[in-house]
Amino acid sequence: MPIGVFDSGLGGLCALKELHRIMPDTDLIYFGDTGRTPYGTRSPETIMKYAGQDARFLLSKNVSAILIACGTVSTVALNALKISLPVPVCGVVSAASREAAASTKNGKIGVMGTGATISSGVFEHELKLINSSLDVTSVACPLLVPIVEYGFADDEIAFLAVKRYLSQITDAGADTVILGCTHFPILRKMMEKAAPHIAFIDSGAAAAREIASAFSGKGGNGDIRYYVSDTPANFNKTAKVFLGGELEIKAERVEIEKY
Ligand code: DGL
């Protein structure tokens, strides 16, 4: 049985890539809700509704576990999904928070995420549970998701936006930053250029390592199937570049509102 991975769009591919690297024989199913991205600017009610449909679609493909490769859904809807779904569900908050707490030398951590993630306060809460003396600076970065989705990750516009958002965190003296939105590792080069002394934690990849250690591979061929809720052409092109593979990516379109 495959493991299901979902996100509002392309961001979850960072987690998928890491999961495939660690569990090369496990079959994976990816769903990107490209027709309804971004999630991070929406209300908790809408995010819960979308997340429920995304998860039910993956269940219809008989997945054995679900990795929520989306910071927004992980911070807003993880508990509701855990209660309502018949398979294990893993979000991105706990693994990334543990990695950040282990990485910081000066106890100052930055969190970058969507508006919904930062308003939820969930990363900050988790970090304080790990170590109550951690000093956490959280910054909502609403411009970064469209920059990635529209293919501007290598453009100067991305550098300017990243630098602007990071300045609040560097002013606070953080030495470690959680990329609490799974789209943001796609901007990693820009992040490292804007703040070379900071350690960046990829929340999707951290969650992939967590789910991989919990579920030993149950056999499979390492097949990856891709589904999206909008026309697949853009996704296929950008995902191929992003995943850096030779193979053509042929995502199938899903009527997600039916689930
Ligand atoms: N990649 C997602 C996240 O981690 C969603 C961003 C969005 O759709 O706004 O938050």
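The values are calculated or read from the model by the stated rules, or taken from the named source; none is laboratory data. Computed from a prediction, not measured in an experiment: that's the story for all the values here. Positions of Cβ are backbone-derived with ideal geometry, glycine not excepted, and every protein chain shown enters the neighbour counts.
Brief remarks on what is shown
- For segment 137-158, the count of residues that are small (Gly, Ala, Ser) and more than 16 Å from the ligand (Cβ to nearest atom) is zero.
- In segment 108-126, the residues that are closer than 17 Å to Arg42 by Cβ and within 12 Å of the ligand (Cβ to nearest atom) reach residues that are assigned to a strand (DSSP E or B) and of a type in the set (S, T, N, Q) with C-beta atoms within less than 9 angstrom, at least six apart or across chains, in these pairs: Gly113/Ser138; Thr117/Ser138; Ile118/Ser138.
- Of the residues making up segment 200-259, those that are part of a helix (DSSP H, G or I), charged (D, E, K, R) and within 30 Å of Thr176 (Cβ to Cβ) are Arg209, Glu210.
- Matching entry among Val228, Val177 (being within 25 Å of Met48 (Cβ to Cβ) and β-branched (Val, Ile, Thr)): Val228
- When the residues of segment 21-63 are filtered to those that are out of contact with any Pro (no Cβ under 8 Å at 6 or more places or on another chain) and among the acidic types (Asp, Glu), the one that is nearest to Ala239 (Cα to Cα) is Asp33.
- Residue in segment 63-75 that is nearest to the ligand (Cβ to nearest atom), counting only those that are modelled with pLDDT of 95 or more and out of contact with any strand residue (DSSP E or B) (no Cβ under 6 Å at 6 or more places or on another chain): Thr72
- Residues (within 14 Å of the ligand (Cβ to nearest atom), surrounded by 22 or more Cβ atoms within 10 Å (Cβ to Cβ) and among the β-branched types (Val, Ile, Thr)) located in segment 21-52: Thr34, Thr37, Ile47
- Selection within segment 103-136 - part of a strand (DSSP E or B) and of a type in the set (Lys, Arg): Lys108
- Scan of segment 88-121 for residues that are over 17 Å from the mean Cα position of the chain (by Cα) and of a type in the set (A, V, I, L, M, F, W, C), ordered by number: Ala101, Ala102, Ile109
- Residue under evaluation Glu210, criteria (1) surrounded by fewer than 22 Cβ atoms within 10 Å (Cβ to Cβ); (2) within 24 Å of Asp33 (Cβ to Cβ); (3) at pLDDT 95 or above, criterion not met: (3)
- Considering residues of segment 232-250 that are more than 12 Å from Gly32 (Cβ to Cβ) and of a type outside the set (Lys, Arg) only, the residue surrounded by the most Cβ atoms within 10 Å (Cβ to Cβ): Leu243
- Only one of the listed residues (Ala100, Ala96) is away from the ligand (no atom under 11 Å from the Cβ), closer than 30 Å to Gln168 by Cα, assigned to a helix (DSSP H, G or I) and in contact (Cβ under 8 Å) with a residue 60 or more places away in the chain. That residue is Ala100.
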